1. Working only within region 398-421, note down all residues that are closer than 30 Å to residue 517 by Cβ, in contact with a helix residue (DSSP H, G or I) (Cβ under 8 Å, 6 or more places away or on another chain) and open to solvent by less than 30 Å² (accessible area, probe 1.4 Å).
2. What are the pairs with Cβ atoms under 6 angstrom where one residue, in region 320-343, is closer than 21 Å to residue 628 by Cβ and the other, located anywhere, is part of a helix (DSSP H, G or I) and open to solvent by 40 Å² or more (accessible area, probe 1.4 Å)? Sequence gap at least six, or different chains.
3. For region 498-508, indicate whether the set of residues that are part of a helix (DSSP H, G or I) and in contact with a helix residue (DSSP H, G or I) (Cβ under 8 Å, 6 or more places away or on another chain) is non-empty.
4. On the basis of being closer than 30 Å to residue 303 by Cβ, crowded, with 17+ Cβ neighbours inside 10 Å and either more than 18 Å from the chain's Cα centre (by Cα) or without any contact (Cβ under 8 Å) to a residue 24 or more places away in the chain (or both), does residue 439 make the cut?
5. Looking at residue 206 and the list (1) over 19 Å from residue 605 (Cβ atoms); (2) open to solvent by 10 Å² or more (accessible area, probe 1.4 Å), which single condition is not satisfied?
6. Determine which member of the set 654, 671 is touching a residue at least 40 places away in the same chain (Cβ under 8 Å), part of a helix (DSSP H, G or I) and open to solvent by less than 30 Å² (accessible area, probe 1.4 Å).
7. Please enumerate the residues belonging to region 602-652 that are in contact with a Pro (Cβ under 6 Å, 6 or more places away or on another chain) and under 15 Å from residue 102 (Cβ atoms).
8. Looking only at region 401-428, how many residues end up being of a type in the set (Asp, Glu) and either closer than 13 Å to residue 466 by Cβ or under 19 Å from the mean Cα position of the chain (by Cα) (or both)?
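The values are calculated or read from the model by the stated rules, or taken from the named source; none is laboratory data. This structure is a prediction, so every number in the text was calculated from the model and none was measured. As a convention, Cβ positions derive from the backbone with ideal geometry for all residues, glycine included, and neighbour counts pool all protein chains shown. What goes into the accessible areas is simple: the full protein's heavy atoms, side chains included, and nothing from ligands, DNA or RNA. Shrake-Rupley method; radii C 1.70, N 1.55, O 1.52, S 1.80 Å.
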Amino acid sequence: MPADRATFAGEIVAVVVARSAAEARDAAELVDVDYEELPAALDLKEAAEDKVLAHPELGTNKSAFWVFDSAAAGTGGDVEAAIATARTDGIVIEREFRQQRLIPAFMEPRSVVVDPTGEQITMWSATQIPHILRFLLAAVLGVSESKVRVIAPDVGGGFGGKLQTTPEEFLAMVIARRLGKPVKYTETRSESLMAAHHGRDQWQKITLAATKEGVVTGLKVDLLADLGSHVALVGGGVPVLGAFMFNAIYKFPAYHFQVQTVLTNKTWTDAYRGAGRPEATFAIERTMDELAAVLGEDPIAVRERNWIKHEEFPFTTVAGLEYDSGNYEAATAQALASFGYDDLRAEQTRRREDGDRVQLGIGVSTFTEMCGLAPSRVLGSLDYGAGGWEHASVRMLPTGKVEVLTGASAHGQGHETAFSQIVADRLGVAFDDIEVLHGDTAISHKGLDTYGSRSLVVGGEALVRAVDKVIEKAKPIAAHLLEASVDDIDFAAGRFSVRGTDQGMAIGEIALATFAAHNLPDGVEPSLDSDATYDPVNFNYPHGTHLCALEIDTETGGIKMRKYTCVDDIGNVINPLIASGQVHGGLVQGIAQALWEEAVYDDAGTLVSASFVDYLVPTAADTISFDVGHTTTPALTNSLGTKGVGEAGTIASTPAVVNAVVDALRPYGVTDIQMPCTPERVWKAIQGGGGDGGKDATEGAAAPHFSEETGMSGTADRTEGAGQ
């Protein structure tokens, strides 16, 4: 809690403890705070110039400045040289995009209960990160970690919004210890929207250099990122994570990235579904569409000219990452066919020629992402505060049943189902005989929890390795009981057999014999239980092609989704239903950023979208049925061949939708509309003939718009007006 100065509207300034929630609310009404209004740093650009200081004692709003340069890193050429060459004999595109501030708006607000009365202090918290929370509670409050137990029950959604250690958790623990009694805090929805962390909130300056033929020669990215009032758990790292994805699926030969993180008097920002990757994908996919417009070419053709071909994998990118596998051609071809791309383009041409009031827009987004957050050495090189490994244990019970313990803490992703499938297939036991335990540091004592699409590709691989250890521990026992050599023992479908004979024993029989321990080989311990800790050697790189068709009523600015097709390559799929569900949910969140959602502050720093009356979260009625497909290029970095899926839909869908909006309105001179693309902003853009479509209430000014004439350094005359 602040001692003398609140730094954002919604910060905790007093705590009331009562015997019931109703009494606490009544007592809170009696708290009288004498506020002296101070100037607030709200506009991100002005805050970066230190016009108003969010924390006057710091003397600046600038938090961290981070740079990646391909020439300095030895991964590519000199960006400035590429841009200079393109200015005289090529194409230079300069754009500035706004990533508006979003609110994770998880299904259930956060809640925390602390019981200090037992041998351990037990905390139940609606969190994605019980193990990390336990460590930080102990470290910050000076309590022995062995005396802290954290339980994450059914959480009710997270999307990164519960990837945080919050003031409420620390305060609840302090108060419980002081009173010696259990205490509980449950936030209201307005408290959640106002004081739980927000996401995104960036200004992105993009400079892209290309030849006259549309081959990209260099990319320069300059970001301002709003951290809010404090640096959150991984908030400062979100734009750095995105830094490695601006080059996306493309073979850019030169790249420069820099980000200035900035403190403001707004709610702190941190990871929100995708965490840096959606921001990067949006910027490059919007810019590739702008390049296609300048060239007067189809946006698919321009992308294909620049992307990594399937035969070129593994491929080391200009950002220094090694993509292990992929096939962008296959995913795109399947998406185009399913979408009916050529027919929709033909319909679009007819509508334009007929001067139809309702125009058709077609948006393209081809993406890849780095997920499966790890390896630990790479995270360490980026000053990340933890590792990227994950832990799993497998317990063989005497009855042949199996207990699985995982450090990946589920909050609705279907871990229990997918992990049970993996164990059932590999161990040969019945699916219903497997119990998956998680989310309790006293049961699953070791782990790094759930975020960054890491549960299956990191946690699942740890589980595979633990299962394989169980099988290896069982082999000498099986050989002894079957009176055979270990070298002659085979294992398949849950049964150990002697090669060349019909002799065999099920693993359940081995488990019972091990429990009894009446007849074990000398020196063999009576246990099959095994665990494994897995630290990946590389990130994981799913990819896909997303296509959106929408209709815009040019008289009202109204937008109607017509068709959405996506084909994602997430490697081998463990459970198709879970994978599709993850894509569906991600699509809605990404589309919502494009069309509906925005956290808005007024000039005094009050969040005016602090309820669902003002913050528009879409329902199923606001969307359409999605056409979801998959291609399969197995990952080469884990034995399952899987790639992450949890964030894919959110990363790819936002640029697909905005590209479709802009595509529909290009005949009206519109080249950008600031998100969310509301009917009002769309209508204003049409009336303005190319403006950004509206004022951003959080910034106090419309986003700068670079036209071909004013922002491309003379490019327009070299492209003979194409795309204007």
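1. Selection gives 400, 402, 404, 406, 407, 419, 420.
2. From residues that are closer than 21 Å to residue 628 by Cβ, the pairs are 327/310; 329/310.
3. Yes, region 498-508 contains a residue that is part of a helix (DSSP H, G or I) and in contact with a helix residue (DSSP H, G or I) (Cβ under 8 Å, 6 or more places away or on another chain).
4. Taking the combined requirement at face value, the residue does not satisfy it.
5. Among (1) over 19 Å from residue 605 (Cβ atoms); (2) open to solvent by 10 Å² or more (accessible area, probe 1.4 Å), the lone unmet condition for residue 206 is (2).
6. On the way: 671 fails: part of a helix (DSSP H, G or I).
Testing whether each residue is touching a residue at least 40 places away in the same chain (Cβ under 8 Å), part of a helix (DSSP H, G or I) and open to solvent by less than 30 Å² (accessible area, probe 1.4 Å) leaves just 654.
7. Within region 602-652, 650, 651 qualify.
8. Final tally of qualifying residues: 1.
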